[in-house]
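Notes follow the structure.
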Amino acid sequence: MNHIVSRGFLFFLLCSAPLGCAVKQQTASSVASEEVVSAPDSAITEVKPVTSQGPYQPAAERLVDLLHTKLNVKFDWAKQHLLGEAILTLKPYFYPQSQVVLDAKGFNVHKIALLKGKQEVPITYEYDQQHLTLKLDKSYTRRDTLQVFISYTAKPNELTVKGSEAIQADKGLYFINPLGTEEGVPQQIWTQGETEANSAWFPTIDKPNERMTQEIYITVEDRFKTLSNGTLVSSKKSENGLRTDYWRMTKPHAPYLVMMTVGQFAIVKDKWRNKEVSYWVEPEYAATAKATFGRTPAMLEFFSQKLGVAFPWDKYAQVVVRDFVSGAMENTTASTFMEAVQQDRRELLDKNWDHIIAHELFHQWFGDLVTTESWANLPLNESFADYSEYLWAEHRYGPDEAALTHQTALLEYLGEARTKQEPLIRYHYLDKEDMFDSHSYAKGGRVLHMLRGEVGDEAFFASLNLYLSQNKYTAVEIDKLRLAFEEITGKDLKPFFQQWFLTPGHPELKVNHAFQNGTLSVQVTQTQDTLRTTVYDFPLTIAILQGDKWQEEKVEVTKANQTFYFPMSIAPQTVVIDPQQRLLANITHDKPVTEWTAQFLQGTSYAMKSTALEQLRDTTHTGIDQVIQKAMQDPFWKIRSTALEMLVSTPAIQKPEVQAQIQQIAQTDKSSAVRAIATYALSTLSGLPQDIVERGLQDSSYQVVSAAIFAWTRGGHDLNRLKPFLAYKNPDVVNALAAAFTASEEEELYGWYLKNAQRMRGGELFYFLQSFGAYLLKKNIDGQERGWQALVSIVERETMDIAKQTAFQMLTLMAETEERRETLQKLAEKDPKLGQLLGLQQN
C-alpha cells in the first residue's frame with residue numbers, strides 16, 4: 001500500500017462527518033478532532049478563488065415588533081402534522097401600521113382574529129404559503145399593543161427542502177419514526193430553527209433581529225417527555241392518556257432560537273451555581289451521559305469567569321436526537337445535538353465531544369444573549385463559538401491540544417479559501433445559507449485569536465465583557481464589537497477590523513532567508529492578488545535558533561515585499577516564521593531539510609514541530625530517522641501519531657528493533673488513536689504474525705479494533721474470526737468490517753450490509769457506502785436488487801450531500817436496465833446536484 005493510500009486509511013479510521021449551528025458536524029477533539037493531514041505549504045494563488053457577487057443583503061426592516069408568543073401545539077404523528085394555536089403580542093416598531101406581515105410556511109390556516117379582552121374580532125388576511133399578511137381593523141401606533149390569534153396546521157414534510165453544508169435541511173419540524181414501525185429507531189419530534197425555519201411550525205417574524213418572550217403548551221402521549229426553552233411550569237395529565245407540558249421563557253430571544261423536542265429520553269440531572277443542568281439521552285446511554293456531558297458545569301464556570309458575565313439563562317439542557325440535520329444547535333437554554341454524541345463506555349475511551357459542547361454553550365452568550373442583527377453578520381455568532389473550542393482546550397487540556405484545535409481550523413479555512421474568499425462580514429451573498437461556511441467559523445475564530453494577540457489577554461476579555469454587557473438582549477452588527485474594543489483599549493482598531501473582518505482573503509507569504517557577513521536577512525513577500533484583496537499590515541514573529549538557543553524577533557510587515565536584517569555572530573541553525581502559528585496566513589518558507597530537522601528537534605511548540613514534520617513527510621534525508629524516533633516519544637499524541645504515519649514509508653520500518661518498538665506502542669500507548677495508527681503501521685508489514693493483530697482485536701478501544709480488522713484482512717487471515725464483531729454498532733468497526741467483507745457471498749453478510757445501510761447516517765454512511773458499493777458490484781443484476789433498493793432509499797432520505805451523492809453514484813454504476821435508468825432520472829429531477837452528477841455520467 002502506498003503512502004497516499006495509507007493516509008487515506010488513517011483519515012477513514014479517525015474521522016467522520018464534515019461539520020452548524022448550528023455547529024458544523026465534526027469528529028471528536030480528543031481523538032483527532034478532524035484528523036486533517038496537511039500537505040506541505042503550497043501556493044493557493046495557483047487557483048482563482050471567487051468572491052460572491054450576490055445582491056446587497058440588509059438587516060430586516062422592523063415595521064412591527066413581536067413582543068411575546070404563546071403556542072398551544074399537539075401532533076398528528078401519522079400525517080406528520082402539527083396542530084397549533086398561536087397568540088402573538090405585537091406593537092408597531094416606530095411608524096403607524098395597518099397590517100402585520102408574518103412568516104408562516106406551508107400552513108393550513110383555520111382562523112385568525114384580533115383579541116380585544118375576551119372578544120375575538122375577525123380580520124381579513126392574505127396568504128401565499130410563505131407570508132401571512134393580516135389586515136388590521138385600524139392603524140396602530142407604537143404606543144399600541146395588539147394580540148393576534150391564529151389557528152393553523154403546519155405540514156413540514158410538504159415543504160420544498162433546502163439547506164447548507166452546516167444545516168442540511170430547513171423544514172423546521174421533524175418527525176422521527178412517526179408510526180413506530182422502524183426497528184431500533186425511537187419515536188421523536190424535534191425542531192431546528194436556524195436560519196429561518198421555525199416559521200415552518202409557528203407563525204412569527206422569523207428574523208434574527210427580532211426578540212420575544214414565549215410560552216409553549218405541548219400536548220403529547222403521557223409516555224413521552226418534552227423539552228423547550230425556559231422552565232417547565234406545569235405538567236397536567238388528561239383522561240385520554242395525554243399530557244400537556246407548559247414551558248415558559250421569560251427573557252427575550254430571537255425566534256430562530258425557539259426549540260421543542262418530544263421523545264422517550266433518560267434525563268440525567270446536574271447543576272451549576274444552583275441552576276439546573278441536564279443531559280437528555282436515549283435510555284441506553286443514561287449511564288454514560290454524565291461522562292459525555294459532565295464537564296458542562298466546569299465549562300459554565302470557566303466561561304462565566306473568563307467573560308465576567310455569568311451564564312444568563314434559567315437552566316441549561318442538552319438533548320441528543322436522531323437524524324439531526326446539523327452537528328448541534330444552540331437553542332436558548334436547550335441545545336440539540338446529533339446522535340453521534342451519545343457514547344458507550346468503550347467509545348468514551350477513544351474520544352470526547354468537548355469541542356462541540358463548548359461551542360454550543362458559548363453561543364448562549366454569543367448568539368443568544370447578543371444576536372447578530374443579520375445573517376451578513378453571522379460571524380458575530382459563529383466566530384466566537386468556534387474560538388470557544390480553542391479557549392476550552394487551552395484551559396482544560398493544555399497548550400498542545402489548543403494549538404492542534406487552532407491549526408485544524410486554520411487548515412480548514414485555507415482549504416476552503418482555495419475556491420472561495422469572502423469578507424468575514426459579507427453584505428453581498430446569494431443565499432443566507434451561504435454564510436455557514438469555514439469563513440464564518442474557522443476563519444472568524446482565527447481572526448479573534450489575532451485580535452486577542454493585538455490587544456492582550458486582559459483587554460481582550462474586558463472588551464468582550466463590555467460588548468456583552470452593553471448589548472445584552474439586542475441584535476448587533478460588527479461595529480458594536482469594534483467600538484467595545486476601542487472603548488476598553490483606547491486604540492483605533494478600524495484598520496484591524498477593515499483588514500480582517502471586511503476584506504476577503506488572507507496574506508500569502510513567500511519567505512526566504514540567508515546569512516552573509518554576520519547578518520541574517522529574512523525576506524517576506526506577499527503574493528496574494530492585491531487587486532482582489534489587499535496588502536496586509538500585521539506584526540510577525542521570527543524565531544531564530546542559534547547555538548541551540550531560541551531568540552524571537554518581532555517585526556511589522558507593512559509592504560508587499562520587505563526584508564528584515566538581524567546581526568548574528570554565526571549562521572543560525574534554523575529560522576521559523578510565526579512559530580506559534582498565530583497569523584492567519586498561508587506561509588511558504590523555502591529552507592533546506594537540515595533546517596526543518598533542526599526546527600523539529602529543537603522545537604518548543606506544537607506548531608513548530610508539526611509544521612516541520614509535514615515538511616519532512618516524504619524526505620529520504622539521513623536525519624529523518626532521528627526525527628521520527630524523537631517524535632514517536634513526544635508527550636503529545638498527535639506528534640506521536642504523525643511520526644508513525646511517516647514511518648510507514650521509510651526503510652526504517654523494516655528494521656526488527658523498529659518493528660518491536662511499534663508493537664510496544666500498539667499495545668501500551670495511552671492514546672487509543674496512537675495505538676490504532678501503530679496497529680495500522682504494523683499491517684503494512686508482510687508476514688506479520690497473526691497473534692500481534694489478535695492483540696489489537698482484543699483492545700478496549702474501538703479505534704484499535706477497527707485498525708486491527710484492517711490489518712487482519714490485509715494479512716489474509718481467516719475472516720470468520722471477524723464475524724463476532726458484526727454485532728458491533730460502532731461506526732469505526734462497522735466501516736472496517738464493511739471493507740473486509742466486500743468479496744463475501746454469504747447471505748448473512750448481505751443482511752448485515754442492508755441493516756447498516758438503513759441504520760447509518762451522514763459521514764459514517766459516506767465511508768460505508770464505498771464498501772457497500774464494492775460489495776454490490778460483484779453481484780449480478782438480480783443479486784443487486786435488494787442493495788439497489790437500499791441505495792435508492794438512502795438517496796431519498798439522506799440530507800448530507802456527500803452521502804446522498806455517493807449513494808447516487810453507486811446507483812449509476814448499477815443502472816443496467818431501462819427501469820433503473822428511469823429511477824435515476826426521477827431522483828435527479830428532485831435534486832439539481834444529482835442531476836449534475838447524472839449529466840457528467842452520461843457525458
12 Å beta-carbon shell around ASN72, net charge (K/R +1, D/E -1):
-1
Where a ≥ b ≥ c are the square roots of the eigenvalues of the C-alpha gyration tensor, would you call region 373-500 rounded, which needs a/c under 1.5, or, failing that, prolate if a/b is larger than b/c, or oblate?
oblate
Region 417-494 and region 793-828: distance between their alpha carbon centers, rounded to Å:
42
If I take R0 = 30 Å and measure r between the Cβ atoms of THR219 and GLU276 in this structure, what FRET efficiency does the formula 1/(1 + (r/R0)^6) give, to the nearest 0.05?
0.80
Given 0.36 nm per residue, what is the gain on full extension from ALA266 to MET450 after removing their alpha carbon distance, in nm?
62.0 nm
Residues listed by number, region 109-123, amide nitrogen under 19 Å from ASP144 label point at 7 Å toward C-beta
112-123
Helix-derived [θ] at 222 nm for the chain: sum -39500 (n - 2.57) over DSSP H runs of at least 4, divide by residue count, nearest 500?
-11000 deg cm²/dmol
Would you kindly state how much longer the chain becomes between GLN562 and ASP479 on full extension, computed as 0.36 nm times their sequence separation minus their alpha carbon distance, in nm to one decimal?
26.7 nm
My understanding is that a pair violates if its Cα-Cα distance is over 27 Å; which of LYS111/LYS315; LYS207/LYS271; LYS138/LYS207; LYS116/LYS251; LYS135/LYS472; LYS48/LYS171 do that in this structure?
LYS111/LYS315; LYS207/LYS271; LYS135/LYS472; LYS48/LYS171
Rounded to the nearest 0.05, what FRET efficiency do ALA78 and GLU819 have when you use their Cβ-Cβ distance and R0 = 35 Å?
0.70
For LYS638, which lysines qualify as cross-link partners when the Cα separation must be under 23 Å and same-chain residues fewer than eight apart are set aside?
LYS24, LYS351, LYS443, LYS609, LYS630, LYS670
Rg over Rh, two decimals, region 508-611 (C-alpha only, Kirkwood Rh):
0.96
Neighbour-limited loop hits for chymotrypsin sites (Phe, Trp or Tyr not before Pro), region 93-160 (at most 16 other Cβ within 10 Å; DSSP other than H, G, I, E, B):
TYR93, PHE94
What net charge is computed for the residues neighbouring ASN198, neighbours being all others with C-beta under 9 Å from the C-beta of ASN198, Lys and Arg scored +1, Asp and Glu -1?
-4
With a sphere of radius 10 Å drawn around the Cβ of TYR467, what net charge do the other residues whose Cβ falls strictly inside it have (Lys, Arg +1; Asp, Glu -1)?
+2
Could I have the simple spin-label model distance between ASP314 and HIS395, label points 7 Å from Cα toward Cβ, reported in nm to one decimal?
2.6
Relative contact order as a percentage, region 373-500, C-alpha pairs under 8 Å and 6+ apart, gives 31
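How high is the FRET efficiency from VAL121 to THR153, r the C-beta distance, R0 35 Å, rounded to 0.05?
Efficiency, from the Cβ-Cβ distance: 0.95.
Please tell me the relative contact order of region 508-611 in percent, rounded to the nearest whole number, where contacts are Cα pairs under 8 Å and at least six residues apart.
Working: 190 pairs, mean separation 31.1, N = 104.
About 30 percent, as a whole number.
Readers should treat all values here as calculations from the given coordinates under stated rules, not as data from a laboratory. Keep in mind that this is a model prediction, so the values were computed, not measured. So basically every Cβ, Gly included, is an ideal-geometry build from the backbone, and we count neighbours across all protein chains shown.
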